[in-house]
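K.L.:
Sharing a structure, written as structure tokens. Questions coming.
The values are calculated or read from the model by the stated rules, or taken from the named source; none is laboratory data. Computed from a prediction, not measured in an experiment: that's the story for all the values here. Methodologically, a virtual Cβ is constructed for each residue, glycine included, from the backbone with ideal geometry; neighbour enumeration extends over all protein chains shown. Note: accessible area is taken over every heavy atom of the protein model, side chains too, but ligands, DNA and RNA are not part of it. Shrake-Rupley method; radii C 1.70, N 1.55, O 1.52, S 1.80 Å.
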Amino acid sequence: MFLKSSFTTVVVGLFVVYVLHTCWVMYGIVYTKPCDSPKADNCIKPYLAGKPKLQLSIYTALRPNAEGGHTLIHKEETFDVDSKIERTVNVSLPKKTRNNGTLYALIFVHQAGITPWQDARQVHLVAQLTTYMVPKPPEISLISGEDPTQGETGEEVQQKKQLDGKADGADATASSDHPVTHWRSRLTLNIVSDHFLFDREHLPSDVHRYLRVFQDGKKMVYLPLLFVDELSNRVKDLVEINSTSKELPLTISYDSISLGRLRFWIHMQDAVHSLQQFGFTEKDADEIKGIFVDTNLYFLALTFVVAAFHLLFDFLAFKNDISFWKQKTSMVGMSSKAVLWRCFSTIVIFLYLFDQQTSLLVLIPAGVGSIIEVWKVKKAFKIQVFWKGYKPTFVFGKLNESERRTEEYDTLAMKYLSYLLYPLCIGGAVYALVFQRYKSWYSWLINSMVNGVYAFGFLFMLPQLFVNYKLKSVAHLPWKAFTYKAFNTFIDDVFAFIITMPTSHRLACFRDDVVFLIYLYQRWLYPVDKTRVNEYGVSYDEEPKGKTHKD
């Protein structure tokens, strides 16, 4: 017990050190030491302080250095860095881009009235307007076999995909497993509007590559800090390009940004690029981008704190859950049907995530969780596996009198529950088959099962409540692991407001709260007594003399 407590204390201590260290690092990112004296020689002053007349010009080119020609697609002749702009322009696609090629945007901020190439004090950046991604297969009606895009022209298909915010085209290229060119329909630009005085001796390394400095007499002046926000490029905004896509819309957004937020964005953007260098796909990176897009710094800080505690409670719940089931020898007071359902639902969710080509960040933990739930089923049903060559033989253990009584209550609860659950699940599956479209019958089956898990999965927690009610005891539950999981449930409630997720998953977070409150009520209703069975499957009266056990 002392070693276990010491291990938990060490883990919590390391967690506190990690959080404090991360907070210090984050403070170093968002805070920049200004120049103490504006008249000092080591100060670098902003060019924007003189309120120059600027122009924003955006060109497209097949190469990032504009070799082979460039085309002007938009310009703001009276550009105000403190303004907020959103424009939608139609961009003509060159033939090379339509044939699985690329296209770049050249963004210039320069003196108004002249071209960027005539202005020695212009600043510019290059952004890629296309990316390569394997398209999702088309979805059809399994009953009629109709393709919703049949009979439409290529231009109509592209417009429909743009309205739906999806990149799963129904043309010939969609059936291929090879990456094809996709159009990034958003271009988000930022300029630091703060008239910040940089200290040459304390110049941040992350800002240095965006800083262009020129000599104005004895003073050093830096040009506007232009930034292309690539974190706003989401997979849902991608549009597949084919040979008929001669023109596509591009939404150009501009807003001013603070220096602290710019530095934070640079670090986050570099982190996403590093993940892609290690082999993460566009879809994998999109899962991370979703945390940062359309979220202010305060919510991001809250997200970090919440995620850190979620990680801690996940680890502690995992440790205590494994310890509980490792020592478990009796299923008295435990609903074996609930254990079996958790295993089934976890596997279904894993298969659903795999079918949806979810990020490995989510898929791997779900797979590990499925393996653990299978192990729990083996412990709950006392299954032994014997191998005769390559043929396994499964032997189920026998139940004692107390376990048989628990099994009777469990079966009775499932009987009442089936009257409600089965019609709902079958009705939902039939409705989805008639009115929705899927890639295949397997996809429909997995989607129907996972919808049943999300919508009605909490009902399978009710047999355990029924067993608790019949036995008038909750001592058999793994309360330590259960408490940590309950904390994570309330943390998930916070995430439900912060992070974009399916509505069914968001409702699943809140429904678990209700069941947990009922568990707490039963904990209060059935107090500790000396004859009850504790979490190790024994009671105080059954323990040998001279041995004490803390419940």
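K.L.:
Do you know which of the residues in the stretch 90-103 that are loosely packed, with under 14 Cβ neighbours inside 10 Å and not basic (K, R) is farthest from I191 (Cα to Cα)?
P.N.:
The selected residue is N99.
K.L.:
Please name all residue pairs, on different chains or six or more residues apart, with Cβ atoms under 7 Å, provided the first residue is in the stretch 1-30 and is assigned to a helix (DSSP H, G or I) and the second residue is of a type outside the set (V, I, T) and at pLDDT 80 or above.
P.N.:
Within 7 Å, the pairs are I29/R263; I29/F264; I29/H267; V30/G260; V30/R263; V30/F264.
K.L.:
For residues in the stretch 51-74 being of a type in the set (D, E, K, R) and more than 25 Å from G101 (Cβ to Cβ), which is modelled with the highest pLDDT?
P.N.:
For the stretch 51-74, the residue satisfying everything is K53.
K.L.:
Something else about it: Filter the stretch 292-325 for residues that are within 18 Å of the chain's Cα centre (by Cα), at pLDDT 70 or above and open to solvent by 50 Å² or more (accessible area, probe 1.4 Å) and give the result.
P.N.:
Hits for the stretch 292-325 are F299, A301, L302, F304, V305, F309, L311, D314.
K.L.:
Looking at L412, L471, which one is crowded, with 17+ Cβ neighbours inside 10 Å, out of contact with any strand residue (DSSP E or B) (no Cβ under 9 Å at 6 or more places or on another chain) and closer than 20 Å to V339 by Cβ?
P.N.:
When all the criteria are applied, what remains is L471.
K.L.:
Among the residues of the stretch 240-263, are any in a strand (DSSP E or B), in contact with a Gly (Cβ under 8 Å, 6 or more places away or on another chain) and not polar (S, T, N, Q)?
P.N.:
Within the stretch 240-263 (the criterion being in a strand (DSSP E or B), in contact with a Gly (Cβ under 8 Å, 6 or more places away or on another chain) and not polar (S, T, N, Q)), the answer is yes, since at least one residue qualifies.
K.L.:
Give the number of residues within the stretch 326-352 that are more than 25 Å from the chain's Cα centre (by Cα) and touching a residue at least 60 places away in the same chain (Cβ under 8 Å).
P.N.:
13
K.L.:
Quick one: D284 ticks every box in (1) outside any loop (DSSP other than H, G, I, E, B); (2) under 21 Å from K84 (Cα atoms) bar one, so which box is it?
P.N.:
Of everything listed in (1) outside any loop (DSSP other than H, G, I, E, B); (2) under 21 Å from K84 (Cα atoms), D284 misses just condition (2).
K.L.:
Continuing with the same structure: Of the conditions (1) of a type in the set (S, T, Y); (2) out of contact with any Asp or Glu (no Cβ under 7 Å at 6 or more places or on another chain); (3) modelled with pLDDT under 80, S345 satisfies every one except a single condition; which number is it?
P.N.:
(3)
K.L.:
If you scan the stretch 245-257, which residues turn out to be over 27 Å from P94 (Cβ atoms) and either open to solvent by 50 Å² or more (accessible area, probe 1.4 Å) or of a type in the set (F, W, Y) (or both)?
P.N.:
D255
K.L.:
Somewhere in the stretch 262-283, is a residue surrounded by fewer than 16 Cβ atoms within 10 Å (Cβ to Cβ) and either hydroxyl-bearing (S, T, Y) or closer than 30 Å to A40 by Cβ (or both)?
P.N.:
Yes: the stretch 262-283 contains one or more residues that are surrounded by fewer than 16 Cβ atoms within 10 Å (Cβ to Cβ) and either hydroxyl-bearing (S, T, Y) or closer than 30 Å to A40 by Cβ (or both).
K.L.:
Tell me the residue from K398, K376 that is surrounded by fewer than 11 Cβ atoms within 10 Å (Cβ to Cβ) and modelled with pLDDT of 75 or more, please.
P.N.:
None of the others qualify; the one that does is K398.
K.L.:
Using beta carbons and a limit of 9 Å, which pairs, at least six apart or on different chains, have the first residue in the stretch 251-263 and farther than 15 Å from I107 by Cβ and the second one open to solvent by less than 20 Å² (accessible area, probe 1.4 Å) and of a type in the set (S, T, Y)?
P.N.:
Filtered contacts from the stretch 251-263: L259/T32; G260/T32; R263/T32.
K.L.:
Can you name the condition, by its number, that S37 falls short on among (1) polar (S, T, N, Q); (2) surrounded by 15 or more Cβ atoms within 10 Å (Cβ to Cβ); (3) not in a strand (DSSP E or B)?
P.N.:
(2)
K.L.:
Would you mind stating whether S205 is among the hydroxyl-bearing types (S, T, Y) and more than 27 Å from T60 (Cβ to Cβ)?
P.N.:
Against the criterion (among the hydroxyl-bearing types (S, T, Y) and more than 27 Å from T60 (Cβ to Cβ)), S205 qualifies.
K.L.:
In the stretch 418-447, what residues are touching an Asp or Glu at 6+ places or on another chain (Cβ under 7 Å) and open to solvent by less than 80 Å² (accessible area, probe 1.4 Å)?
P.N.:
Result: Y438, K439, S443, I446.
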